[in-house]
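Report on the following structure.
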Amino acid sequence: MNGSEVSHFSEGLPPFPRAFLDSERYGQALDVLVIACVDVVLVWGDRILLGKRNQPPRPHWWVIGGRMLHGESPLEAVQRKLQEEAGLAGIEENRLDFIGVFSTRFSERSQPPIRHGLHSVNLTYRLQLTDAEAEMIQLDSAEYGRSHWWRATEVNNLLDPEATMDQALERMVQLSIDRGK
């Protein structure tokens, strides 16, 4: 399965300006809307890269990703997030394997009111890296306090099987492993 299996239809409208709402207005929008996000499981050999995020909605181990912007296709969003968060530019779309859709409702978010949480629908992809790509990765220090390449069996030791978002991460990792076989 590759990324093209997520259908994206566009009437070819001109690019939308990349304007952002101020934090207060965005927080109000998050109170009533579900946002679309992309996540990418980076795989290198038998290891998966996880980053320890610095802030909500997930200030724990997670894969790279984030919200889609108006006018982006899912694959364009993945390519942007790969460049912004991992320093990987020019990844070809045909290398991105779609592994699933996750609906995640986090208890916190970065925007006030923080305790109102965040609901997102995440289109999740897998990218098998070359040795050179894996060595080039530099996770954005504003987003991630640290990162580590984990074997799939080691990821389970990081997670609390009772914690909902740990269950989501475990599922993403398992789907990535299954896809690589």
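The values are calculated or read from the model by the stated rules, or taken from the named source; none is laboratory data. All values reported here derive from a predicted model rather than from experimental measurement. All Cβ positions, even for glycine, are placed from backbone atoms using ideal geometry, and neighbour counts span all protein chains on display. Just the protein is used for accessible areas: all its heavy atoms, side chains included, with ligands, DNA and RNA removed. Shrake-Rupley method; radii C 1.70, N 1.55, O 1.52, S 1.80 Å.
Being under 24 Å from Ala36 (Cα atoms), part of a helix (DSSP H, G or I) and at pLDDT 95 or above narrows it down to one of Arg115, Arg126, so name that one. Spell out how you get there, then give the answer.
Working: Arg126 fails: part of a helix (DSSP H, G or I).
Exactly one of Arg115, Arg126 is under 24 Å from Ala36 (Cα atoms), part of a helix (DSSP H, G or I) and at pLDDT 95 or above, namely Arg115.
Consider segment 90-112 and keep the residues that are part of a strand (DSSP E or B) and of a type in the set (Val, Ile, Thr). The one that is most open to solvent (accessible area, probe 1.4 Å) is Val101.
Filtered by the rule that a residue be open to solvent by 70 Å² or more (accessible area, probe 1.4 Å), under 15 Å from Leu49 (Cα atoms) and either basic (Lys, Arg) or outside any loop (DSSP other than H, G, I, E, B) (or both), segment 129-168 gives Asp131, Glu135, Met136, Arg146, His148, Arg151, Thr153, Asn156, Asn157.
If a residue has to be of a type in the set (Lys, Arg) and loosely packed, with under 12 Cβ neighbours inside 10 Å to count, how many in segment 169-181 make the cut? Before the answer, list the steps.
We begin by selecting, within segment 169-181, every residue of a type in the set (Lys, Arg); these are 171, 179, 181.
Among the residues that remain, those that are also loosely packed, with under 12 Cβ neighbours inside 10 Å are: 181.
Number of matching residues: 1.
Look at segment 37-48 and say how many of its residues are surrounded by fewer than 16 Cβ atoms within 10 Å (Cβ to Cβ) and in a strand (DSSP E or B). So the answer is 0.
From the list Gly12, Gly66, which one is touching a helix residue (DSSP H, G or I) at 6+ places or on another chain (Cβ under 7 Å), among the small types (Gly, Ala, Ser) and either surrounded by fewer than 17 Cβ atoms within 10 Å (Cβ to Cβ) or not in a loop (DSSP other than H, G, I, E, B) (or both)? Give the steps one after another, and end with the answer.
On the way: Gly12 fails: touching a helix residue (DSSP H, G or I) at 6+ places or on another chain (Cβ under 7 Å).
The match here is Gly66.
Taking each residue of segment 145-163 that is under 17 Å from Leu42 (Cα atoms) and looking for partners that are open to solvent by less than 60 Å² (accessible area, probe 1.4 Å) and in a loop (DSSP other than H, G, I, E, B) with beta-carbon atoms closer than 6 Å, six or more apart or interchain, yields Ser147/Leu139.
Scanning segment 167-181 for residues being without any contact (Cβ under 8 Å) to a residue 12 or more places away in the chain and under 14 Å from the mean Cα position of the chain (by Cα) gives a total of 0.
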